1. Return the residue satisfying two criteria in turn: it lies in the stretch 425-470 and is on the phi > 0 side of the Ramachandran plot and at pLDDT below 95, and of such residues it is least open to solvent (accessible area, probe 1.4 Å).
2. If we keep just the residues of the stretch 123-151 that are hydrophobic (A, V, I, L, M, F, W, C) and under 42 Å from the mean Cα position of the chain (by Cα), which is most open to solvent (accessible area, probe 1.4 Å)?
3. Within the stretch 220-243, does at least one residue satisfy the condition of being open to solvent by 40 Å² or more (accessible area, probe 1.4 Å) and either more than 20 Å from Pro38 (Cα to Cα) or polar (S, T, N, Q) (or both)?
4. Which numbered condition in (1) hydrophobic (A, V, I, L, M, F, W, C); (2) under 21 Å from Leu23 (Cβ atoms); (3) over 26 Å from the mean Cα position of the chain (by Cα) is the only one that Phe263 fails?
5. Which fully enclosed strands (runs of 3 or more DSSP E) of the stretch 403-466 have 3 or more residues being within 25 Å of Glu514 (Cα to Cα)?
6. In the stretch 471-496, what residues are open to solvent by 60 Å² or more (accessible area, probe 1.4 Å) and under 24 Å from the mean Cα position of the chain (by Cα)?
7. May I ask you to list pairs of residues, at least six apart or on different chains, whose Cβ atoms are under 6 Å apart, with the first in the stretch 159-181 being closer than 12 Å to Glu127 by Cβ and touching a residue at least 24 places away in the same chain (Cβ under 8 Å) and the second being outside any loop (DSSP other than H, G, I, E, B) and open to solvent by 30 Å² or more (accessible area, probe 1.4 Å)?
Amino acid sequence: MTEETKKPEKSLNFIEQIVEEDLRNGLNDGRIQTRFPPEPNGYLHIGHAKAICLDFGIAEKYGGTCNLRFDDTNPVKEDVEYTNAIMEDIKWLGFEWEHVYHASDYFHQLYDFAVDLIKRGLAYVDEQTSEQIAAQKGTLTEPGIESPYRNRPMEENLDLFERMKNGEFPDGAMTLRAKIDMAHSNMHFRDPVIYRIMHHPHHRTGTEWKVYPMYDFAHGQSDYFEGVTHSLCTLEFVVHRPLYDYFIELLQTDDYRPHQYEFNRLNITHTMMSKRKLLELVQRDIVHGWDDPRMPTLVGLRRRGYTPRSIRNFIDAIGYTKYEGTVDMELLEHTVREDLNKHALRTSVVMDPIKLVITNYPEELEESMTVVNNPEDPESESHDITFGRELWIEREDFMEDAPKKYFRLTPGREVRLKSAYIVKCTGYVKDEAGNVVEVHAEYDPDTRTGMPGASRKVKGTIHWVSVKRALPAELRLYDNLFLAENPAEEKYEDLSEIVNPDSEKILHTAYAEEWLKEAEVGDHYQFVRKGYFVKDKDSTEEKPVFIQTVTLRDSWKKGQQKK
């Protein structure tokens with residue numbers, strides 16, 4: 001490749017620019033360390049994939065390390081099931097962590113830091129309810145009201161906090177608050193709660209603790225304890241950053257300190273990224289679990305047939321900025337379509353079958369037609385498909401009384417059967433209800449693909465599957481789970497009101513090529529003229545199940561070409 005034909009290097013995003021500037025300045029001795037800190041209270045969704053690609057990608061690009069740290073400070077909502085699923089998803093995307101940590105690893109250090117704050121007059125035990133504390137916060141234009149417990153003696157605070165830890169008080173009876181400034185312009189500085197009482201067993205520490213740190217108290221300190229240099233968060237944490245810095249400055253003992261930087265979160269049309277809402281969908285059986293192919297979870301996208309490469313390409317295409325926006329779902333579909341077009345094997349599957357009888361073809365004769373597995377891949381192998389007198393074709397490929405521009409089967413009209421012969425429709429048979437149940441045609445034996453007569457042109461080509469050799473299959477087709485373009489902004493009384501009732505369609509009677517008996521769960525295929533499908537885990541030996549990943553239509557790409 002000459003210098004003239006080389007593609008220009010992709011410009012750095014603003015996070016990469018910061019990292020390179022830090023390296024030039026020798027900040028933190030030239031060390032780069034990031035972390036991915038999920039809370040194990042649900043399955044990761046594609047929004048998390050954006051953070052994963054940044055956290056691990058920065059470390060990978062600049063020779064640093066990225067740790068996986070579970071933010072397990074709320075035992076009521078957390079579960080080992082989620083921990084295992086998160087680790088599987090990260091590996092599936094193609095990333096490896098340097099170490100696995102948990103916020104619970106630092107419970108003793110965090111507790112000691114809280115005790116130190118009490119001794120320094122920077123924290124106090126508050127006996128008010130959460131509602132009372134919230135009511136005293138004030139507004140953006142009015143200062144908050146100080147707690148009546150704000151100035152209690154240090155010895156009393158130490159005693160109460162230890163008794164909170166020992167489990168002497170019920171949930172909600174007391175909290176530990178940082179003593180900062182109830183008139184601060186940043187509401188997060190108005191004496192935030194940093195510890196609450198929770199009498200709930202922790203999946204790692206058991207019943208050792210009866211108090212647990214709040215996110216704003218645990219997150220930055222955990223970064224500091226681990227040696228993180230670049231703490232990357234989404235934009236909603238911009239207002240939390242001053243508090244992040246405040247606590248770290250109280251911990252800091254030398255020049256080292258982590259810095260927090262924020263990027264835009266991922267929003268996709270017709271999709272929700274709230275774990276709370278996704279959990280509601282699962283718990284109410286609106287979907288069939290976290291791995292329902294309509295879910296934006298990584299396990300759901302994986303089941304639907306999305307590849308790690310397609311998701312990483314999608315994340316790379318949308319980039320990282322400081323401005324919120326919404327990405328069209330069609331861009332995500334475009335990236336998986338591009339990937340599968342290069343790698344998925346081609347095969348014919350009839351989704352809505354009607355029988356085609358070739359009346360002048362010998363009844364017992366069968367022929368093998370060779371089909372290339374993937375025309376986009378020059379090294380692709382081929383497979384054989386059996387041709388016979390009776391074939392399944394798509395019901396939409398026949399019409400009794402067709403308009404002029406209908407180029408499929410209709411009485412008197414010719415079409416090519418893909419990779420086989422040209423046939424001419426000669427008639428059809430109806431049942432008692434008047435429905436067409438069988439189409440008749442005659443074939444031209446000189447027009448088989450690869451023979452001299454094959455050069456004769458016809459305007460239509462349709463796919464088919466041999467009746468004798470067909471493999472019965474179940475197909476599952478999916479549309480957007482939510483009707484609204486921005487469901488998170490919709491007003492509704494019940495979540496089910498905005499769910500698309502036609503988001504799942506199951507075809508119980510489809511016919512596939514015989515060779516798909518050998519398909520493995522997770523294998524990808526392009527069903528000719530229909531779209532990309534993946535073999536599903538619900539398959540049985542008698543009947544495979546294929547899930548539609550995406551259609552063949554690429555309106556996003558067409559729209560980009562018009563610009």
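1. In this case the residue turns out to be Gly434.
2. The extreme case among them is Leu140.
3. yes
4. (3)
5. Where strands (runs of 3 or more DSSP E) fall fully within the stretch 403-466 and carry at least 3 residues being within 25 Å of Glu514 (Cα to Cα), they are 414-417, 436-444.
6. Matches in the stretch 471-496: Asp479, Leu483, Glu485, Ala488, Glu489, Glu490.
7. Close Cβ pairs (under 6 Å, with a partner that is outside any loop (DSSP other than H, G, I, E, B) and open to solvent by 30 Å² or more (accessible area, probe 1.4 Å)) amount to Thr175/Val193; Thr175/Arg196; Arg177/Val193.
For every residue, the table says whether it meets (1) open to solvent by 40 Å² or more (accessible area, probe 1.4 Å); (2) part of a helix (DSSP H, G or I); (3) of a type outside the set (A, V, I, L, M, F, W, C).
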{"residue": "Met273", "(1), (2), (3)": "no, no, no"}
{"residue": "Arg276", "(1), (2), (3)": "yes, yes, yes"}
{"residue": "Asp291", "(1), (2), (3)": "no, no, yes"}
{"residue": "Ala317", "(1), (2), (3)": "yes, yes, no"}
{"residue": "Tyr320", "(1), (2), (3)": "no, no, yes"}
{"residue": "Tyr323", "(1), (2), (3)": "yes, no, yes"}
{"residue": "Leu332", "(1), (2), (3)": "no, yes, no"}
{"residue": "Glu338", "(1), (2), (3)": "yes, yes, yes"}
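The values are calculated or read from the model by the stated rules, or taken from the named source; none is laboratory data. Since the model is a prediction, treat every value here as computed from it, not as a measurement. As a convention, Cβ positions derive from the backbone with ideal geometry for all residues, glycine included, and neighbour counts pool all protein chains shown. Quick note on the areas: whole protein, heavy atoms, side chains included, nothing else; ligands and nucleic acids left out. Shrake-Rupley method; radii C 1.70, N 1.55, O 1.52, S 1.80 Å.
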